[in-house]
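Novice: Take this structure, written in structure tokens, and hold onto it; I'll ask about it next.
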Number of protein chains: 6
Amino acid sequence: QSVLILVGEIYEDLELWYPKLRLIEAGAAVTVAGKEAGREYAGKNGYPCVADASLDQMDPAAFDALVVPGGFMPDKLRREAGVLDLVRRFDAAKKPIAAICHGGWIPISAGVYRGVRVTGSPGIKDDLINAGALYEDAAVVVDGHHVSSRRPDDLPDFCRALIERLR
Amino acid sequence: QSVLILVGEIYEDLELWYPKLRLIEAGAAVTVAGKEAGREYAGKNGYPCVADASLDQMDPAAFDALVVPGGFMPDKLRREAGVLDLVRRFDAAKKPIAAICHGGWIPISAGVYRGVRVTGSPGIKDDLINAGALYEDAAVVVDGHHVSSRRPDDLPDFCRALIERLR
Amino acid sequence: QSVLILVGEIYEDLELWYPKLRLIEAGAAVTVAGKEAGREYAGKNGYPCVADASLDQMDPAAFDALVVPGGFMPDKLRREAGVLDLVRRFDAAKKPIAAICHGGWIPISAGVYRGVRVTGSPGIKDDLINAGALYEDAAVVVDGHHVSSRRPDDLPDFCRALIERLR
Amino acid sequence: QSVLILVGEIYEDLELWYPKLRLIEAGAAVTVAGKEAGREYAGKNGYPCVADASLDQMDPAAFDALVVPGGFMPDKLRREAGVLDLVRRFDAAKKPIAAICHGGWIPISAGVYRGVRVTGSPGIKDDLINAGALYEDAAVVVDGHHVSSRRPDDLPDFCRALIERLR
Amino acid sequence: QSVLILVGEIYEDLELWYPKLRLIEAGAAVTVAGKEAGREYAGKNGYPCVADASLDQMDPAAFDALVVPGGFMPDKLRREAGVLDLVRRFDAAKKPIAAICHGGWIPISAGVYRGVRVTGSPGIKDDLINAGALYEDAAVVVDGHHVSSRRPDDLPDFCRALIERLR
Amino acid sequence: QSVLILVGEIYEDLELWYPKLRLIEAGAAVTVAGKEAGREYAGKNGYPCVADASLDQMDPAAFDALVVPGGFMPDKLRREAGVLDLVRRFDAAKKPIAAICHGGWIPISAGVYRGVRVTGSPGIKDDLINAGALYEDAAVVVDGHHVSSRRPDDLPDFCRALIERLR
């Protein structure tokens, strides 16, 4: 099993690191990709993360799932056509797309949430609904290949659901 | 002329201070309101701003216009029912609502942008469109009582347009 | 299952949060205890953690295991007689004591590592050996009820071993 | 109309940005010059400012006015012979020199304040008087081509006076 | 021997701490006084210093010398009438006044440097000269009871000269 | 007289700077060596220190004494075989080794404290004892060529003792 995680400046520290370490514990190979391979990005609270790879060289065919952490990183990455295309290809292949907190902004901009049951940070609830998603206030919501959670506290539920789907 | 400006943690420093000082220069009385009167909020880059007044005691009838700065402050304030109600009352009274950068998230959540021509940060472009707004990429867009801009560089155009409407 | 985790200023962010969330995912109840209940401690990289409880009110009988994160927090907590006594009681009861990175300073000062096979940060290797421990350079070392690891990268192995012992 | 603004580390954020944006709003062309063109300087509160040009390549003949912000930047720039020479040439040409807060240290060191009515931060009041200036405690003082103010709160008066002189 | 040292926000860290520890090593009793007794002030580089006493309760008769560190602290303290009065009384009693770097701003404002040979930070050279002092560029300048130096590098010369005068 | 001082990230600011300036005041030549010559290291509280020289080019024969400041710098430097070898050669030559606070971790790892009377930070007391040292709680302890102290407050005693040994 191989999983891709997105990184960028002001990513939410635990929403990246918990899934990363948890997926490794579960036996998956994890690749963290940012705009620049080898660059160190700082989390919202300061935790550093070096990108393993460059986003524009990622091939969805090489991965079994995509994880989109929150923080304010999605506000920047959702502006990148390449990132949105990547998300659409995971969606078309019905591979798990797991977004937490403000991570949902990226699937919104990729246009893959129409008619999908999801949750997310209360801060993006209106954006989710306006994008055609069906918002629920729950620790984790799974609808088809879409997994979503609201905040760092939900990480145990978020990862349990994602790992189940990967089996 | 009396103008209300919203403040909260991680407000964009210049997007609050330039309109505030510019409106004072133009002869207006300016009130900066946050969740707690007298509290000091830190800008995205660190500039401090003490709230003159508490948001939940603001009466739209006492003001001629509303300014909504960007930064990540709107991500928090858009969750407050009282803030959204305040915005709706400015809208109902057709008093100028001037939002810049990520400030647009608040009118989105207040539901006052449907059918309105606006601009805003590229980061919220999709949210604006999904909310029914007609997005334009311009330094300032004026549509009825709605004034909007994209980023700090647009502040001269933003304030010129707002002040014209206040005359 | 109930687990106690120690917290204090400059704790290593992931070495506290990964076990905490991972144990919750595994169904355990987790209590984070610092010198002052309700106080927010800052991690080495800035991640905040509010202590659930006060260290001097913790009763080892109420817990099935103890987790000791690293960072520079152990440098301060190892000076507290109450903390060392707590560790000795987990040791006497042969309940799992899981220490990672610089966390090992606390079992050293509690005097419970004599003759025990352990690992830890290279920075405390000499202190472990001088304390009578048998140092190994491995991602995780389990000897009786003692579980130890070297650094954040080892967290998946660390938690897998700890959770196995809790079953 | 063309205006030159000085920048350096620990410039007062608003005392640079408000005049810059305000002058652009008024139709002026603004050049921000520091010791190194293209370098980003941090304000006293953290706001970044990239210098458009290098101070030692500035020709007073190309500008209609000079703005000297405060903060602790003037403490460093007043040591530069080139900066003082630049100020003396604006003074000799009777072109507006607008200094705010601690900005006055630079005209002091250039020796252009003897017999001039000025204001400035209370922190430099004695230095102004010792330099032969006539200190007044007012939001803005205009004496010939010299415009001066005390602090960020005075920016509306400062810019109104400067812009009037530029007409 | 008893020595008074001034403290305030953004004091130069070593210019306070080196004289303090050095004078203690030489057998003197040292009192650090700020506006508020018991308050912790942060140095320009972040070193904390708790004030032993409140400036407005200091009696020059109780001390044999005064030390004025630099940093930007003097920019604030020179505005305090009580501080200036204190300095004048040390001067009238011909007790050593040792100022380093930007510390000289305080004797300038107290009006005690007229005709005195001094040195100081290049940043305040013009202010010293305008205040009637005779500026020299040397590691330490002693003129009567006035001792002065330019920067942290000069601290060994500064303290040697001060301690000689205290014998 | 020539003295070598160790530096690295998160060195305790005063524990490096006070001995450095004090030894210069006493007429010694001081060399500060870190892993990289010319690099700036930040103290625990933020004071910068540029290394004069690279640790791996230091020859104990060129120096009369070694100073080991505290902070968390020793946690990293004690892992360097070259540093430990350097310490052993000062020890073999019976040249003064002066360690303060957490500085003692380095002589511990060099194995030169067995049977030596020392003091140090309470945080490393157990490590000192486990390393075979005889711990005393005093402002300064001198045993043969070993000088040690507990914390910044002890710097006057620490330097007095070191300078006496250098005469």
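Novice: Based on the alpha-carbon set only, what is the convex hull volume of the stretch A:85-167 divided per residue, in Å³? Before the final figure, lay out the partial values.
Specialist: On the way: hull volume 6.2 nm³, N = 83.
Convex hull of Cα atoms, per residue: 74 Å³.
Novice: Along Cα→Cβ at 7 Å, what distances in nm separate the B:Gly82 label point from those on the other copies, shortest first?
Specialist: Result for B:Gly82, in nm, nearest copy first: 3.8, 3.8, 4.6, 5.4, 6.2.
Novice: So which residues in the stretch B:5-46 end up with at least 40 square angstrom less accessible surface once the other protein chains are there, compared with the chain by itself, probe 1.4 angstrom?
Specialist: Buried by the other chains: B:Leu14, B:Tyr18, B:Leu21, B:Arg22, B:Glu25, B:Asn45.
Novice: Kindly write out, for the stretch C:46-56 in residue order, the coupling ³J(HN,Hα) from the Karplus curve 6.51 cos²θ - 1.76 cosθ + 1.60 (θ = phi - 60°), rounded to whole Hz, with x marking Gly and Pro.
Specialist: For the stretch C:46-56, the Karplus curve yields x, 5, x, 9, 8, 5, 6, 8, 8, 3, 7 Hz.
Novice: Give me the dipole magnitude in Debye, nearest 20, for the stretch E:2-166 about the Cα centre, with unit charges on the beta carbon: positive for Lys and Arg, negative for Asp and Glu. List each step's numbers first, then the result.
Specialist: Numbers: 19 positive and 24 negative charges, 58 e Å.
Computed charge dipole of the stretch E:2-166: roughly 280 debye.
Novice: List, in order, the whole-Hz ³J(HN,Hα) value for each residue of the stretch D:60-77 obtained from phi through the Karplus relation with A = 6.51, B = -1.76, C = 1.60 and θ = phi - 60°; use x for Gly and Pro.
Specialist: Those phi angles translate into x, 4, 7, 10, 9, 6, 10, 10, 10, x, x, x, 9, 3, x, 4, 8, 5 Hz.
Novice: Further question on the same structure: Using just the helices of chain B, give the 222 nm mean residue ellipticity in deg cm²/dmol: DSSP H runs with n ≥ 4 each add -39,500 (n - 2.57), and the total is spread over all residues, rounded to 500.
Specialist: Numbers: 6 runs with 54 residues, N = 167.
Helix contribution divided over all residues of chain B: -9000 deg cm²/dmol.
Novice: Now, a different point. Name the long-range amide H neighbours of F:Val147: under 5 Å, sequence gap of 5 or more, or other chain; modelled H, no Pro or chain starts.
Specialist: Placed amide hydrogens put F:Ile97, F:Ala98, F:Ala99 under 5 Å from F:Val147.
Novice: Amide H of E:Asn45: which non-local residues (sequence gap of 5 or more, or other chain) have their own amide H closer than 5 Å, using H built in the peptide plane?
Specialist: Sorted by chain and number, the residues that satisfy this are E:Asp13.
Novice: Given R₀ = 51 Å, FRET efficiency for C:Glu136-B:Ala138 by Cβ-Cβ distance, to 0.05?
Specialist: About 0.20, to the nearest 0.05.
Novice: Residue of F with Cβ nearest the axis relating F to E, plus distance in whole Å?
Specialist: F:Gly46, 2
Novice: Among A:Leu23, A:Ala51, A:Leu66, pick out the residue whose Cα is farthest towards the positive end of the charge dipole of chain A, where Lys and Arg carry +1 and Asp and Glu carry -1 on C-beta, about the Cα centre.
Specialist: The residue sitting farthest along the positive end of the dipole is A:Leu66.
Novice: Can you work out ³J(HN,Hα) from phi for every residue in the stretch B:127-137, in order, using Karplus 6.51 cos²θ - 1.76 cosθ + 1.60 and θ = phi - 60°, giving whole Hz and x for Gly and Pro?
Specialist: Once rounded to whole Hz, the list reads 5, 5, 5, 5, 7, x, 7, 9, 7, 10, 9.
Novice: Where the only charges are on Cβ atoms (+1 Lys, Arg; -1 Asp, Glu), what is the dipole of the protein assembly as shown about its Cα centre, to the nearest 20 debye? Don't skip to the answer; put the middle values down first.
Specialist: On the way: 120 positive and 144 negative charges, 0 e Å.
Roughly 0 debye for the protein assembly as shown.
Novice: Compute the signed sum of charges (Lys and Arg +1, Asp and Glu -1) over the other residues within less than 14 Å, Cβ to Cβ, of C:Ala81.
Specialist: On the way: positive: C:Lys35, C:Lys76, C:Arg78, C:Arg79, C:Arg88, C:Arg89, F:Lys125; negative: C:Asp56, C:Glu80, C:Asp85, F:Asp126.
Neighbourhood net charge equals +3.
Novice: Tell me, Kirkwood radius of the stretch C:2-166 from alpha-carbon pair distances, in Å? Walk me through the numbers on the way to the answer.
Specialist: On the way: mean 1/r = 0.0663 Å⁻¹.
One decimal place: 15.1 Å for the Kirkwood radius.
Novice: For E:Arg167, place a label point 7 Å from Cα along the Cα-to-Cβ direction in every copy; what are the distances to the other copies, in nm, shortest first?
Specialist: The projected label point of E:Arg167 is separated from its counterparts by 1.3, 7.1, 7.8, 7.8, 8.3 nm.
Novice: Something else now. For F:Ser2, project a label point 7 Å along Cα to C-beta. Then give me every residue of the stretch F:30-70 with its amide nitrogen under 17 Å of that point.
Specialist: Those under the cut-off are F:30-34, F:52-67.
Novice: Can I ask one more? Give me the percent of DSSP beta bridges within the protein assembly as shown that run antiparallel, rounded to the nearest 5.
Specialist: Numbers: 45 of 165 bridges.
Percentage antiparallel, nearest 5: 25.
Novice: For a quick check: with amide H placed at 1.01 Å from N, whose amide H comes under 5 Å from A:Lys35's, ignoring anything fewer than 5 positions away on the same chain?
Specialist: Amide H to amide H, under 5 Å and 5 or more residues apart or across chains, A:Lys35 pairs with A:Leu55.
Novice: At a threshold of 8 angstrom on Cα-Cα distance, excluding pairs fewer than six apart, so keeping six or more, what relative contact order does chain A reach in percent? Present the calculation step by step, with values, prior to reporting the outcome.
Specialist: Details: 391 pairs, mean separation 33.7, N = 167.
Result for chain A is 20 percent.
Novice: Taking loop as defined by DSSP and a crowding limit of 12 other beta carbons within 10 Å, which trypsin sites (Lys or Arg not before Pro) in the stretch D:103-132 fit?
Specialist: When the trypsin sites (Lys or Arg not before Pro) of the stretch D:103-132 are filtered for loop state and at most 12 Cβ neighbours within 10 Å, D:Arg114 remain.
Novice: For F:120-127, what's the mean count of beta carbons from other chains sitting within 10 Å of each residue's beta carbon?
Specialist: So the per-residue partner count for this stretch is 5.
Novice: Of all accessible surface on chain D at a 1.4 Å probe, what whole percent is carbon and sulfur?
Specialist: Details: 2710 of 5880 Å².
Within chain D, the accessible surface is 46 percent carbon and sulfur.
Novice: May I ask for the net charge around C:Lys125, where only other residues with Cβ less than 12 Å from the Cβ of C:Lys125 are counted and Lys, Arg are +1 while Asp, Glu are -1?
Specialist: Numbers: positive: C:Arg150, F:Arg78, F:Arg79; negative: C:Asp126, C:Asp127, C:Glu136, C:Asp137, F:Asp75, F:Asp127.
Charge balance in the 12 Å sphere: -3.
Novice: Let's see if you can work this out: charge +1 on each Lys and Arg Cβ, -1 on each Asp and Glu Cβ, no other charges. What is the dipole magnitude of the stretch D:1-89 about its Cα centre, in debye to the nearest 20?
Specialist: Numbers: 10 positive and 14 negative charges, 34 e Å.
Computed charge dipole of the stretch D:1-89: roughly 160 debye.
Novice: Also, quick follow-up: Measuring from centroid to centroid over Cα atoms, what is the spacing of the stretch F:56-128 and the stretch A:102-142 in Å?
Specialist: One Cα centre to the other: 57 Å.
Novice: So what is the accessible area of the protein assembly as shown per residue, in Å², with the probe set to 1.4 Å? Intermediate results must be reported in sequence, preceding the final value.
Specialist: Numbers: 35280 Å² over 1002 residues.
It amounts to 35 Å² per residue over the protein assembly as shown.
Novice: How many nm is it between the label spots at F:Ile129 and A:Arg114, if each spot is 7 Å from the Cα in line with the beta carbon?
Specialist: In this crude spin-label approximation the distance works out to 7.2 nm.
Novice: Modelling each spin label as a point 7 Å along the Cα-to-Cβ direction, I'd like the D:Asp85/B:Asp56 distance in nm, to one decimal.
Specialist: 6.3 nm
Novice: Treating the point 7 Å from Cα along Cα-beta-carbon as the label, what are the nm separations from F:Asp137 to the other copies, to one decimal?
Specialist: 3.8, 5.4, 5.4, 5.4, 7.0
The values are calculated or read from the model by the stated rules, or taken from the named source; none is laboratory data. Just so we're clear, the structure is a prediction, and the values are computed from it rather than from any experiment. Counting neighbours? That spans all protein chains shown, and the Cβs are built from the backbone with ideal geometry, glycine included. The area values use the complete protein model at the heavy-atom level, side chains included, leaving out ligands, DNA and RNA. Shrake-Rupley method; radii C 1.70, N 1.55, O 1.52, S 1.80 Å.
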